[in-house]
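One structure below.
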Amino acid sequence: MRIIVVGAGVYGAAVAASLVRRGAAVTVVDAGAPGSGTSGASFSWVNSRDKRPLVYHELNVAGMAAHQRLAAAFPPGDWYHGGGGVEWTTDAAGLGAKVDGLVALGYGAKLLSRAEALELEPGIDPDRLPADGIAYYPDEGWVEPTRLIAHLLSRDVDVVAGDAVVGLDVSGDAVRAVRLEAGRVLAADAVVNCAGPQAAEVAAMAGLALPMRNLPCVLVYTSPVAVPLSRVVHAPDVHLRPEGDGRILLHSSEVDRGGQEAVDELVRAAASLYPGIRAATVESVRTGERPIPGDGLPVLGRVADLRNYFFAVSHSGVTLCLHAGELVADEVLGENRDDALAAFRFERFER
Ligand SMILES: Cc1cc2nc3c(=O)[nH]c(=O)nc-3n(C[C@H](O)[C@H](O)[C@H](O)COP(=O)(O)OP(=O)(O)OC[C@H]3O[C@@H](n4cnc5c(N)ncnc54)[C@H](O)[C@@H]3O)c2cc1C
């Protein structure tokens, strides 16, 4: 069986690795380089803090566990960083209720005092923290997506990079071949659409209308700076996490609107929270595109009318890719995973 996976982001790499592990022959085709899409410019926080409905929360929780398992299975597994997440907001009562709700679901969450939070994050200006009511989520983490993709593609996956899929040959209820821009035609026993923000275009090649409402998103990368930031931190006006080699990654919902003023404001907020960040400069500002299916939920697994075409498309793909990728691979290999995927079928958009 030759399976063609379209897209070498976190989803394509995860689906391919899962298939190859079970003996399938897989070719991953990417228009660019592996990791050059959304996965290469992501906040890549692994969590299920605000995920609704329950079935989606549970999928994300399973995604968190899958990351911990993979990192432990390939020591040092150092594309994965645990350490949990810290959050406080201007609505202390609301945050307390959220923590209670998460605890009721069995999610790791508790409230810390200022002193306890400073033990975790000693670089924060204490005056910027509330006296108590700071949430801590010990099971969260973040991932270096490009290094994860490199790991997942490193074992027996055939990768065709720098050549776009421009067409699919469909006859009857099946895809027979994949056409590449440079002219090659690859015979296909199954095709998995892992094209992220371009998933609608790749769906259209099979005659399927996949509604997407992608959103642009801006990330700010600082220069390396000696600031003790060890985990994902969500303050009211800035979100931060460590990035490679002492860099810090900054985000806020306001910065997504774009423009230098919003970037400057974000850096000011970060430096006011962690005074050590004043010594940093902005090394790069990257715009990514969040791949968001029309109703916000993932589109995963088989398609009713096309027996060998599959989807693995969602936002929160960094959190979800390993677990959801495994479920999608199960279906490619002939299993029915309705038990886990019923809520995430493509057909919901056709009703
Ligand atoms: C700024 C930002 C912050 C985010 N933060 C988080 C977060 O904290 N936690 C989280 O879990 N998720 C987060 N996300 C979402 C997450 O990054 C994405 O869901 C995930 O990276 C999507 O991976 P993917 O493999 O589906 O897509 P991509 O990484 O975009 O990969 C798709 C690949 O398909 C290729 N492709 C497209 N069309 C074709 C074609 N016709 N032929 C061949 N190749 C093609 C592209 O070149 C690309 O490499 C964030 C996203 C952004 C933008």
Anything in the range 25-40 that is assigned to a loop (DSSP other than H, G, I, E, B), open to solvent by 20 Å² or more (accessible area, probe 1.4 Å) and either in contact with a helix residue (DSSP H, G or I) (Cβ under 7 Å, 6 or more places away or on another chain) or aliphatic (A, V, I, L, M) (or both)? List them, or say none.
Ala31, Ala33, Pro34, Gly37
Given the conditions (1) within 15 Å of the ligand (Cβ to nearest atom); (2) open to solvent by less than 60 Å² (accessible area, probe 1.4 Å); (3) in a loop (DSSP other than H, G, I, E, B), report the number of the one that Val227 does not fulfil.
(1)
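Yes/no matrix, rows are residues, columns are (1) touching a residue at least 24 places away in the same chain (Cβ under 8 Å); (2) open to solvent by 20 Å² or more (accessible area, probe 1.4 Å); (3) within 13 Å of Leu152 (Cα to Cα); (4) not hydrophobic (A, V, I, L, M, F, W, C):
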residue	(1), (2), (3), (4)
Val6	yes, no, no, no
Val15	yes, no, yes, no
Ala62	yes, yes, no, no
Pro76	no, yes, no, yes
Given the criteria small (Gly, Ala, Ser) and either crowded, with 21+ Cβ neighbours inside 10 Å or over 19 Å from the mean Cα position of the chain (by Cα) (or both), does Ala109 qualify?
yes
Filter the range 211-224 for residues that are of a type in the set (Ser, Thr, Tyr) and assigned to a strand (DSSP E or B); which is surrounded by the fewest Cβ atoms within 10 Å (Cβ to Cβ)?
Tyr221
Can you name the strands (runs of 3 or more DSSP E) wholly within the range 105-186 that have at least 1 residues being more than 30 Å from Thr89 (Cβ to Cβ)?
158-161, 165-171, 174-180
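Residues Val143, Val159: which one is among the β-branched types (Val, Ile, Thr), touching a residue at least 24 places away in the same chain (Cβ under 8 Å) and within 23 Å of His57 (Cα to Cα)?
On the way: Val159 fails: within 23 Å of His57 (Cα to Cα).
After applying the criteria, what remains is Val143.
Any residue at all in the range 47-61 that's in a helix (DSSP H, G or I), more than 10 Å from the ligand (Cβ to nearest atom) and basic (Lys, Arg)? Outline the logic, then answer.
So in the range 47-61, the residues in a helix (DSSP H, G or I) come out as 54-61.
Right, trim to more than 10 Å from the ligand (Cβ to nearest atom) and you get 54-59, 61.
Imposing the further condition that a residue be basic (Lys, Arg) reduces the set to none.
Checked the range 47-61: no residue is in a helix (DSSP H, G or I), more than 10 Å from the ligand (Cβ to nearest atom) and basic (Lys, Arg).
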Can you find a residue that is farther than 27 Å from Arg49 by Cβ, modelled with pLDDT of 95 or more and of a type in the set (Gly, Ala, Ser) anywhere in the range 250-262?
no
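The values are calculated or read from the model by the stated rules, or taken from the named source; none is laboratory data. Here the structure is a predicted model, which means the values were calculated and not measured. Please note: Cβ atoms are built from the backbone with ideal geometry, for glycine as well, and neighbour counts cover all protein chains shown. We work out accessible area using only protein heavy atoms, side chains counted, and drop any ligands, DNA or RNA first. Shrake-Rupley method; radii C 1.70, N 1.55, O 1.52, S 1.80 Å.
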